[in-house]
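Have a look at the structure below, then the notes.
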Amino acid sequence: MRYSQAFIHTLFEAPKEAETPSHIFLLRGSYVYPLAAGLYSLLPLGHRAAEKIKRIVREELDAIGGLEVTMPVVNPAEIWKKTGRYFNIGDELIRFKDRREREFVLAMTHEEVVTDMAKQFVRSYRDLPVMLYQIQTKIRDEARPRAGLLRVREFQMKDAYSFHHDFEDLDAYYPKIFNAYLRIFARCGLNATPIEADSGIMGGSGSHEFMLESASGEDDFVICPACGYSANTEKAVGIKPERLPCEDVGAAPAMEKVGTPSVKTIAALMEFFGCSGENFIKTVAYVADGKLVLAVVRGDFNISATKLANYLKAVNLDYAPEKTLFEMGLNAGFLSPFAIDGVRTVFDSSLTGSALYIAGANELDMHLKNVLPGRDFELKETADISEVREGDRCSACGGADLQIRRGIELGHTFKLGTKYTARDSMDVTFLDGSGEPNRVVMGCYGIGVERLLASVIEKWHDEGGMQFPVTIAPYQIILSQLGNQPEVVAMAERLYLKLGLAWEVLYDDRSESAGVKLKDADLIGIPVRVVISRKLEKTGDVEIKIRQTGEVIICPESEFEEKLGVIFKKLEPSTASLPYMAEGA
RNA sequence: CGGGGCGUAGCGCAGCCUGGUAGCGCACCUGCCUUGGGAGCAGGGGGCCGUAGGUUCAAAUCCUAUCGCCCCGACCA
């Protein structure tokens, strides 16, 4: 492709809305063009890179027996009502009516549609297992799109669904998809860290997220440097350091009311009482599926809304509005852990009856000191509902302090189980060998294509621009002709033809100055640059520069194709020594 | 949805406070010239100043409303 014909329009300065590296370079490098918040067109360069990613995804999924399909984005609301997601998902799901007033949704994933297909065609154990996948547009009305392609409202997702005759078969299959994911990311030049993830209201028994560590990410995850345990902070469990027990709990002084005018937060209480967070009891009011619930943790912990929601099996969980509390005679900031009639109260396992605390008094501007859990109130319902903290001891090995990292979620795998095939959902069964009906068991697996593209840039860039891995670069070679003397042009044209036989070449044939051409080549991140100039033409040499390393090789024209072959082989990302999951026989 | 910021040419910005002509750099078009890190000279095209009302003889500028975009947080099957 000749640069002059390639619809590439690089920008010298980035539009001011761009802040993250991938966003800046995608815009400057003429890979994407914004249409509205969270809606982007992929320009020719971006489109080519995305197609490369999709090709890798297809190769890896086909290799484990995946079958590609295409499912509609417009779905009748009916199937979404059947699975309940029509009601459980908020405004993120776009709902609308057609001209005949029939209800539809724009699919944000395709569990309903694929399960509907399975219901039709999976009849016998002989039809299982089967894995169907597609690369299809997904629509999500995100509350806040951000960082260019990292979080958008319309994007392409590779979504895969596997169907099994029982949980054991799903368990046996799961490592294949897990390992295929590791290979996909590795081939795109990324080392993804698989972490244990929360399965949320999707339900199911096991789930992993594949994270790219990055400051531009929006998810925190926990890793143990000693044993390798890693998990989403929503799910991670650490060892909660015990408070030093009272010398004699039995002889502990009785509770005592203390006036604390307008002292509401733990931070303010710490200052007021002059002691650290672990001496307090924090009580927070939530509304879970319409019902008021109190969550109680030790003051030095935060409540994990995800853990609490999971424990309560709540679909919707939100902070209780102050108005609701007020109507019940409660005061935010002075809530107490003491049982209130008719209000469910859940205690975090950080609270034990071994030490005295300061707690809210359920009275405006009042707290209680010398509160002893177990003596002064009953720890009736205890669960792990607090968020893990940096430095908490690893609960898997007990040997090291957990670290919290920030990352981008590249992919997600779920063991769904029978959430969608259950009788009260889509109701999908098959006949086993003895003619008995059995419930189909599912898994689902997603990768966002554009987010993966942006993530590669987050990982691979420098001040000058992008540094694509050879596997997904829109072109493998950029041929830059510096100077327009006839001999130089002739040599460039000759090389363009020759290189085009083996590689995808972008030939910069513009009459721009040398500086412009070299800067643009760096910006758009083509992995290998070949330069022809008057100086080189005279000696019959060509120059090869590797974008990622900056390495420059000058060699005679007669040798350079062979050299390039070696270089490309070396630049191919390796899929060896990834943290593969053991696959059964 | 809460907090903050910004809307003037494709991009980056000035002008607004103190009302009266819309400007600069880059990009784009023509010609000459130039080609190893965002050259040079000459000429040229392009903006109802986000939108709608209001004040005024007169509004990019003052007032009101509204829309859009970005950032932080909440949310995220």
- Each residue of the range A:267-282 in order: what ³J(HN,Hα) in whole Hz does its phi give by Karplus 6.51 cos²θ - 1.76 cosθ + 1.60, θ = phi - 60°, with x for Gly and Pro? 4, 5, 5, 4, 6, 4, 8, x, 9, 7, x, 5, 8, 10, 10, 9
- Query: Once the piece of chain linking A:VAL566 and A:GLU256 is laid out straight, how much longer is it, given 0.36 nm per residue of separation minus the C-alpha distance between them?
  - Reply: 103.7 nm
- Query: Once label points are set 7 Å from the Cα along Cα→Cβ at both A:GLN548 and A:GLU103, what is their separation, rounded to one decimal in nm?
  - Reply: 5.0 nm
- Query: What ranking, highest mean first, results for peptides A:553-560, A:190-197 when packing means the other Cβ atoms within 10 Å averaged over each residue?
  - Reply: A:190-197, A:553-560
- Message: As a footprinting exposure proxy, order A:PHE280, A:PHE178 by other Cβ within 10 Å, with the fewest listed first.
- Response: A:PHE178, A:PHE280
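If we count other beta carbons within 10 Å of each Cβ, what is the order of A:HIS47, A:HIS23, A:HIS9, fewest first? Could you put the intermediate results ahead of the total?
Details: A:HIS47 14, A:HIS23 24, A:HIS9 9.
Least crowded to most crowded, the residues run A:HIS9, A:HIS47, A:HIS23.
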- A:GLU559-A:LYS291 pseudo-label distance in nm [points 7 Å out on the Cα-to-Cβ vector]: 7.9 nm
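Taking R0 as 45 Å, what's the FRET efficiency between A:SER4 and A:ARG146 from their Cβ-Cβ distance, rounded to 0.05? Before the final figure, lay out each step's value.
Values: r = 35 Å, r/R0 = 0.77.
According to the calculation, E is roughly 0.80.
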- Task: Would you mind checking the tilt of helix A:44-63 against the longest principal axis of the Cα atoms of chain A, expressed as 0 to 90 degrees and rounded to 10?
- Result: 70 degrees
- Taking the convex hull of the alpha-carbon atoms of the range A:98-220 and averaging its shadow over every direction gives an area in square nanometres of 10.4 nm²
- With a 10 Å Cβ neighbour count serving as the proxy for reagent exposure, in which order, fewest first, do A:ARG95, A:ARG243, A:ARG85 appear? A:ARG95, A:ARG243, A:ARG85
- Item | Acute angle (nearest 10 degrees) that the helix A:486-500 long axis makes with the longest principal axis of chain A, alpha-carbon atoms | 60 degrees
- PRE zone check, label point 7 Å out along Cα-to-Cβ of A:SER513, amide N under 16 Å, scope the range A:446-489, hits A:482-484
- Of A:LYS459/A:LYS517; A:LYS119/A:LYS313; A:LYS282/A:LYS459; A:LYS282/A:LYS313; A:LYS82/A:LYS282; A:LYS54/A:LYS545, which sit over 29 Å apart, Cα to Cα? A:LYS282/A:LYS459; A:LYS82/A:LYS282
- Task: Return the tail of the calculated pair distribution for the range A:278-422, meaning the percent of Cα-Cα pairs more than 25 Å apart.
- Result: 37 percent
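State, to one decimal in nm², a quarter of the convex hull surface area for the C-alpha atoms of the range A:500-585, i.e. the direction-averaged projected area. Walk me through the numbers on the way to the answer.
Numbers: hull surface 34.1 nm².
That works out to 8.5 nm².
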- Task: Using only Cα atoms, find the angle between the long axis of helix A:111-121 and the longest principal axis of chain A, and express it within 0 to 90 degrees, rounded to the nearest 10.
- Result: 80 degrees
- Item | chain A - mean residue ellipticity at 222 nm from DSSP helices (-39,500 (n - 2.57) per run, n ≥ 4, rounded to 500) | -7500 deg cm²/dmol
- Message: What is the distance in Å between the Cα centroid of the range A:528-585 and that of the range A:367-383?
- Response: 67 Å
- Task: State the three equivalent ellipsoid semi-axes of chain A, derived from the C-alpha gyration tensor as the square roots of 5 times its eigenvalues, in descending order and whole Å.
- Result: 53, 31, 23
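For a quick protection proxy, order the peptides A:437-443, A:27-33, A:372-378, A:260-266 by their average other-Cβ count within 10 Å, most packed first.
Values: A:437-443: 20.3, A:27-33: 22.4, A:372-378: 17.3, A:260-266: 15.1.
Ranked by mean Cβ neighbours within 10 Å, highest first: A:27-33, A:437-443, A:372-378, A:260-266.
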- Enumerate the amide H contacts of A:VAL130 below 5 Å, restricted to partners 5 or more residues apart or on another chain; note that Pro and chain-start residues carry no placed amide H. A:PHE163
- Message: How far apart, in nanometres, would the label points at A:LYS264 and A:PHE96 be if each is projected 7 angstrom from Cα along the Cα-to-Cβ direction?
- Response: 4.2 nm
- Task: Kindly work out what percent of the DSSP beta bridges joining two residues of chain A are antiparallel, to the nearest 5.
- Result: 80 percent
- Query: When the Kirkwood radius is taken over all Cα pairs of the range A:15-170, what Stokes-Einstein diffusion coefficient follows at 10 °C and 1.306 mPa s, in µm²/s?
  - Reply: 89 µm²/s
- Note on the structure: Among A:VAL552, A:LEU501, A:GLN476, the residue whose Cα sits farthest towards the positive end of the charge dipole of the range A:475-571, when +1 is placed on the Cβ of each Lys and Arg and -1 on the Cβ of each Asp and Glu, is A:VAL552
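Which percent, nearest 5, of DSSP beta bridges in the range A:257-383 are antiparallel?
On the way: 18 of 26 bridges.
Antiparallel: roughly 70 percent of the beta bridges in the range A:257-383.
Counting Lys and Arg as +1 and Asp and Glu as -1, each charge on the Cβ, what is the dipole of chain A about the Cα centre in debye, to the nearest 20? Don't skip to the answer; put the middle values down first.
Working: 68 positive and 84 negative charges, 233 e Å.
It comes to approximately 1120 debye.
Every number here is computed from the coordinates shown, using simple stated rules; none is lab data. Keep in mind it's a predicted model, so treat the numbers as computed, not measured. Note: ideal-geometry Cβ built from the backbone for every residue, glycine included; neighbour counts use all protein chains shown.
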